[in-house]
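Enquirer: Structure in C-alpha cells, see below.
The values are calculated or read from the model by the stated rules, or taken from the named source; none is laboratory data. Please read these numbers as outputs of a predicted model, since none were measured by experiment. Every residue, glycine among them, receives a Cβ derived from its backbone with ideal geometry; neighbour counts consider all protein chains shown.
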Amino acid sequence: MTPPVRDHSRLVMAAEPKPFWLDRPDTPPVRERLRGEAACDLAVIGGGFTGLWTALLAKESDPERSVVLVEGDRVGWAASGRNGGFCDASLTHGAANGRHRFPGEFTALQRLGAENLDATEAAVARYGIDCELERTGTIGVATQEYQVAGLREAADGDGVAFLDTDAIRAEVNSPIYLAGVWDKAGAAMVHPARLAWGLADACERLGVRIAERTPATGLAADADGVRVRLREGVLRAGRVALGTSAFPALLRRLRPYIVPVYDYVLVTEPLSRAQRASISWRNRQGIGDSGHQFHYYRLTADDRILWGGYDAIYHFGRGLRSAYDQRPDTFARLADHFFTTFPQLEGIGFSHRWGGAIDTCSRFCAFFGTAHRGRVAYALGYTGLGVGASRFGARVMLDLLSDVRTELTELELVRSRPVPFPPEPLAYLGIQATRWSLASADRHGGRRNLWLRALDTARLGFDS
C-alpha cells in the first residue's frame, strides 16, 4: 500500500493515548482485592474473556460449585479491552489456517465455531449484556491483483458472497478495493470492554467471587488440590483454570510456546453525515484486507472508524511494558494507510490511539492442556480472533478439568501443541526475518521467499 504525501502526525498525536473502549464514564468500580487465605472448588486466573467465560460456564453447569476469579489489574483491561471487537466464528484464526493445520477435522471445527458464536449471542441476550452486538459478518478485501483469486476461492460456502470491483465499492466505497468476500453470518461486532464488564456482572449474579488487583504469582500442588500464591495471600482450589493471555504463564514450561506481539489501533472522531455517506458502508461489516501485513477496521456504534493492524511488533526477550502501548511511527503509518483507503475522509481527526500485546503462538490459534495431575488447565495462544474463540477455550478447559472424554477433548486442535519458539536471540532474529519477508511478499505480488517457504514446510509461520 503506497502512503500519501501528506503528514498526518499532528492528527495522530492529538488523539488520546488510551483504548477507546476503556475510556468511558460507565467503567465499573474497582472490586476488592483478595487478601489472606481463601478456598474454592475452581480458581480462575485472569479476568479477560477466557477467564470470564470459564467462570460463567462453570457456574451455569454446576451452581453449587464455588468459583473465585482473580485478576492482576482490572477486568477486561488488557487484550480483552484493547482489540477491534470482532467476535468471529473461527476457532483457528481464519479458515485458511484451520484448513491447513487441521484438515481432517476442519468441517467439525467450522460447525463448532458457528455454534460457539450463536451461543455467545444467546448469552449476551440472556444476561442483558449491553455490548452493542451487531451480527454484521465480515468482508475480506483485495487491494492488490494477486489477492483476487484467493478471495474467489474463499467464497465457497453458504452465506459467503464474492464481490467484484463494482460490488465491493458499492458496499464500501474505497478506490483501492479490487474485490471482496462477504461472510454474512460468520462474525458479530461488539464493544469488547462492555462485553467483558457484562460477563463479569453475569458471573457475580450467579455467585462468582471476582477479585481485582490481585496478581497470582505461582502454583503449587498439595494433597487436596492446588495452592495459588497471590501477592497478598493464598487461594486454595480443587481445580484451576489459567487464562493469562500474553503474560508469563504460571506454568513455566508453557513460556516457550508464547511470545507477546504488540498490535496498534487508531479510532477516528465520529463521522459527519456527509462523511458517512461518502463511504457508504450501510451494512456495517467488519473489514480486513488480504495482505500478509493486514489492516482490520470497523464502525463503532457512534460512527467512528476503528483502524488497526499492519505492524506486529515483538520486543527482544518477550518484553511486556506499558511504554510499548504507544508507538508513534506505527500510528503515523496507520494514519497514512487509512487516508489511502478512504481519501474522501482526508482531514478527519483521531480521538484515540493505543497498543496492546497479543498472545502469539506458532500455529496462530489457541492450544490447550493440563498440569498438576489434571487439576490445572490452560488455554493460551489465540494470536487473534480471541473474542469469540475464548468461549470455546473456556469450554475446553472445563471439559479437561472434568476428566471425561468429550467431543472437544478428542479434537486434534485440543490434543496437539504448536512448536515452541527458540530462546533468544534466535526468537527475535527469526521473528524479524519473518516480518521482513512478509512485507517483501506484499511488495512482490504475494511471492513468498525461501524463508517463508521453509516456515510453510515446517508448519510454522507468523502473521500480523
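Enquirer: Would you check if residue 87 is within 18 Å of residue 245 (Cα to Cα) and assigned to a strand (DSSP E or B)? Quick ask: steps written out before the conclusion?
Expert: On the way: within 18 Å of residue 245 (Cα to Cα): yes; assigned to a strand (DSSP E or B): yes.
Judged against the criteria, residue 87 is a match.
Enquirer: Related question: State yes or no: is residue 190 in contact with an Asp or Glu (Cβ under 6 Å, 6 or more places away or on another chain) and either assigned by TED's automatic domain parsing to the domain that holds residue 111 or farther than 30 Å from residue 71 by Cα (or both)? Give the steps one after another, and end with the answer.
Expert: On the way: in contact with an Asp or Glu (Cβ under 6 Å, 6 or more places away or on another chain): no; either assigned by TED's automatic domain parsing to the domain that holds residue 111 or farther than 30 Å from residue 71 by Cα (or both): yes.
No, not satisfied.
Enquirer: Can residue 386 be described as of a type outside the set (A, V, I, L, M, F, W, C) and within 20 Å of the chain's Cα centre (by Cα)? Working first, answer last.
Expert: Values: of a type outside the set (A, V, I, L, M, F, W, C): yes; within 20 Å of the chain's Cα centre (by Cα): yes.
Considered against the rule, which asks whether it is of a type outside the set (A, V, I, L, M, F, W, C) and within 20 Å of the chain's Cα centre (by Cα), residue 386 comes out as yes.
Enquirer: Every residue in region 286-317 that is among the acidic types (Asp, Glu) and either under 21 Å from residue 184 (Cβ atoms) or at pLDDT below 95 (or both), please. Step through it out loud before you land on a result.
Expert: Filtering region 286-317 down to residues among the acidic types (Asp, Glu) leaves 289, 302-303, 311.
289, 311, listed by residue number.
Enquirer: Inside region 202-217, can you point out the residues that are among the small types (Gly, Ala, Ser) and either in contact with a Ser or Thr (Cβ under 7 Å, 6 or more places away or on another chain) or at negative phi (or both)?
Expert: As a first pass, look at region 202-217 and keep what is among the small types (Gly, Ala, Ser): 202, 207, 211, 216.
The answer is 202, 211, 216.
Enquirer: Consider residue 94 against the criteria (1) surrounded by 15 or more Cβ atoms within 10 Å (Cβ to Cβ); (2) at pLDDT 95 or above: it satisfies all of them except one. Which criterion is unmet?
Expert: (2)
Enquirer: Inside region 178-221, can you point out the residues that are of a type in the set (A, V, I, L, M), closer than 18 Å to residue 54 by Cα and not in a helix (DSSP H, G or I)? Walk me through it before giving the result.
Expert: First pass over region 178-221, keeping only residues of a type in the set (A, V, I, L, M): 178-179, 181, 185, 187-190, 193, 195-196, 199-200, 202, 206, 208, 210-211, 216, 219-221.
Going one step further and asking which of them are closer than 18 Å to residue 54 by Cα, we end up with 193, 195-196, 199-200, 202, 206, 208, 210-211, 216.
Selection gives 206, 208, 210, 211, 216.
Enquirer: Among the residues in region 265-282, are any under 15 Å from the mean Cα position of the chain (by Cα) and crowded, with 19+ Cβ neighbours inside 10 Å? Spell out how you get there, then give the answer.
Expert: Within region 265-282, the subset under 15 Å from the mean Cα position of the chain (by Cα) is 265.
If we keep only those that are crowded, with 19+ Cβ neighbours inside 10 Å as well, we get 265.
Yes: region 265-282 contains one or more residues that are under 15 Å from the mean Cα position of the chain (by Cα) and crowded, with 19+ Cβ neighbours inside 10 Å.
Enquirer: Let me ask another. Can you tell me which of 69, 56 is in contact (Cβ under 8 Å) with a residue 40 or more places away in the chain, part of a helix (DSSP H, G or I) and either among the aliphatic types (A, V, I, L, M) or surrounded by fewer than 23 Cβ atoms within 10 Å (Cβ to Cβ) (or both)? Full working, then the answer.
Expert: On the way: 69 fails: part of a helix (DSSP H, G or I).
Unique residue meeting the criteria: 56.
Enquirer: Given 76, 51, which one is at pLDDT 95 or above, surrounded by 23 or more Cβ atoms within 10 Å (Cβ to Cβ), part of a helix (DSSP H, G or I) and touching a helix residue (DSSP H, G or I) at 6+ places or on another chain (Cβ under 9 Å)? Write out each step before concluding.
Expert: Details: 76 fails: part of a helix (DSSP H, G or I).
None of the other options fit; the residue is 51.
Enquirer: Still on this structure: Hey, can you tell me all the residues within region 116-169 that are within 30 Å of residue 202 (Cα to Cα) and part of a loop (DSSP other than H, G, I, E, B)? Outline the logic, then answer.
Expert: Step one: filter region 116-169 for residues within 30 Å of residue 202 (Cα to Cα), giving 116-138.
Result: 127, 128, 129, 130, 131, 132, 133, 135, 136, 137.
Enquirer: Let me ask you something else. Do we have any residue at all in region 347-362 that's in a helix (DSSP H, G or I) and out of contact with any strand residue (DSSP E or B) (no Cβ under 7 Å at 6 or more places or on another chain)?
Expert: No, because not a single residue in region 347-362 is in a helix (DSSP H, G or I) and out of contact with any strand residue (DSSP E or B) (no Cβ under 7 Å at 6 or more places or on another chain).
Enquirer: Also, quick follow-up: Which condition number does residue 242 fail, the rest of (1) assigned by TED's automatic domain parsing to the domain that holds residue 125; (2) surrounded by 16 or more Cβ atoms within 10 Å (Cβ to Cβ); (3) over 26 Å from residue 366 (Cβ atoms) being met?
Expert: Looking at each condition in turn, residue 242 falls short on (3).
Enquirer: Quick one: would you say residue 33 is in contact (Cβ under 8 Å) with a residue 40 or more places away in the chain, among the basic types (Lys, Arg), more than 29 Å from residue 116 (Cβ to Cβ) and surrounded by fewer than 22 Cβ atoms within 10 Å (Cβ to Cβ)?
Expert: Details: in contact (Cβ under 8 Å) with a residue 40 or more places away in the chain: yes; among the basic types (Lys, Arg): yes; more than 29 Å from residue 116 (Cβ to Cβ): yes; surrounded by fewer than 22 Cβ atoms within 10 Å (Cβ to Cβ): yes.
Yes; evaluated as a whole, the condition is true for this residue.
Enquirer: Out of all the residues in region 363-396, which are hydrophobic (A, V, I, L, M, F, W, C), outside any strand (DSSP E or B) and closer than 18 Å to residue 248 by Cβ? Quick ask: steps written out before the conclusion?
Expert: To start, the set of residues in region 363-396 that are hydrophobic (A, V, I, L, M, F, W, C) comprises 364-368, 371, 376-377, 379-380, 385, 387, 389, 392, 394, 396.
Remaining after also requiring outside any strand (DSSP E or B): 364-366, 385, 387, 389, 392, 394, 396.
Hit for region 363-396 is 366, nothing else.
Enquirer: Quick check on this structure: which one of 220, 237 is over 29 Å from residue 94 (Cβ atoms), outside the structural domain of residue 348 (by TED's automatic domain parsing) and either touching a Phe, Trp or Tyr at 6+ places or on another chain (Cβ under 6 Å) or crowded, with 22+ Cβ neighbours inside 10 Å (or both)? Before the answer, list the steps.
Expert: Working: 220 fails: either touching a Phe, Trp or Tyr at 6+ places or on another chain (Cβ under 6 Å) or crowded, with 22+ Cβ neighbours inside 10 Å (or both).
Criteria check complete, one pass: 237.
Enquirer: Residues of region 237-295 being part of a helix (DSSP H, G or I), farther than 28 Å from residue 48 by Cβ and either in contact with a Lys or Arg (Cβ under 6 Å, 6 or more places away or on another chain) or free of Cβ contacts under 8 Å to residues at least 40 places away in the same chain (or both), which ones? Steps first, please.
Expert: So the first thing to find is which residues in region 237-295 are part of a helix (DSSP H, G or I), and the list is 252-257, 273-279.
Filter once more, so that each one left must be farther than 28 Å from residue 48 by Cβ: 273-279.
If the condition is that a residue be part of a helix (DSSP H, G or I), farther than 28 Å from residue 48 by Cβ and either in contact with a Lys or Arg (Cβ under 6 Å, 6 or more places away or on another chain) or free of Cβ contacts under 8 Å to residues at least 40 places away in the same chain (or both), then 273, 274, 276, 277 are the ones that fit.
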